[in-house]
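Everything on this sheet refers to the single structure shown next.
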Amino acid sequence: MSANGQTIIQQMELFAPKVYAVPDDKIGLQIGTLNKPVSHVMVTLDVSEAVVDEAIANGVELIIAHHAVIYRPLKDLRTESPQGRVLEKCIKHNIAVYVAHTNLDVTPGGINDMLANAFELNETQPLDKVYEDQLMKLVVYVPSSHLETVSSAVFAAGAGEIGKYAGCGFSVDGMGTFTPGPGSNPYIGQIGIKETLEEIRFETVFLKSKQRKIVQAMIKAHPYDEVAYDIFAIDVPGVSYGLGRVGKLPHTMTLGELIEQVKERLDV
């Protein structure tokens, strides 16, 4: 079984969007191409020569790394150097290398949250704000027969989340008018004849980072061949993302006890 490399990385970037990375962080595709079938993926902290040798031995076509294999601009590409040998082997064996660094640290459920969860921290907050996801509003006009289908699709794509509440939306009845033109494929009505029908104005909020996925889900679920919708930026605080986490331990302990817990849970 295989998947296109671009499809794999699209899923990766839905989880850890590039906009979460700190400025000038070296992330994204660094070696090779994603436009190819991929059946074996390796995940690693660093791309060393030993890691690449293991990837070659196991038929890996894509390495997803945390630390950049190319951090500073290359002045030359000498294959007798450690970095040169890594790059040479990746290119010769058609191994693509993709890097997710601070965006993977920052993202909800990413490395910073994994570390916080390892010590059962509560009420966690970022230590250093990196990015604020703007709050947006979607308004779409839909026939009543498809309100549930369309609203469920956009909610499933991540819209309608306010604090600890999900599926938040509002709808109101109204009248829509339109005239199908030549070449159209109207769900209701006939080409060249003005139509007036009852529609529902449905609106909900979403974070800007999810806009593409939400709009795609809405259009796919909507019965019209041309969907009437609006997107607005709203002047309400969005969600802040940042590096590190600070929180409360589940119970009081001495510094010595905490150190022993760190050593045990991180295996150091």
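A few remarks follow.
- Euclidean distance of C-alpha centroids, segment 139-168 and segment 16-62, integer Å: 36
- Bridges between two residues of the chain, per DSSP, are antiparallel at a rate of about 80%.
- Segment 24-158 - share of DSSP beta bridges that are antiparallel (%, nearest 5): 25
- Each Lys and Arg Cβ is given +1 and each Asp and Glu Cβ -1; about its Cα centre, segment 204-268 then shows a dipole of about 60 debye.
- Surface share of carbon and sulfur [accessible, 1.4 angstrom probe, percent] for the chain: 54
- Residues whose amide H lies under 5 Å from that of VAL38, counting only those 5 or more places away or on a different chain, are ALA3, ASN4, GLY5; hydrogens are built 1.01 Å from N in the peptide plane.
- Segment 66-140, accessible area per residue, ligands and nucleic acids excluded (1.4 Å, Å²): 56
- Protection proxy ranking, highest mean first, for peptides 227-238, 72-83, 204-215: 204-215, 227-238, 72-83, where packing is the per-residue count of other beta-carbon atoms within 10 Å, averaged.
- Ranking ALA159, GLN6, VAL236 by Cα position along the charge dipole of the chain, where only Lys, Arg, Asp and Glu carry charges on their C-beta atoms, puts GLN6 farthest toward the positive end.
- Across the options ALA65, TYR187, VAL139, the greatest Cα extent toward the positive end of the charge dipole of the chain (unit charges at beta carbon of Lys, Arg, Asp, Glu) belongs to ALA65.
- Relative contact order of segment 1-99, pairs being alpha-carbon contacts under 8 Å that are 6 or more residues apart, as %: 35
The values are calculated or read from the model by the stated rules, or taken from the named source; none is laboratory data. Remember, it's a predicted structure, so these values are computed and weren't measured experimentally. Backbone-built Cβ (ideal geometry, glycine too); neighbour counts: all protein chains shown. Remember, those area values only see protein heavy atoms, side chains included, never the ligands or the DNA or RNA. Shrake-Rupley method; radii C 1.70, N 1.55, O 1.52, S 1.80 Å.
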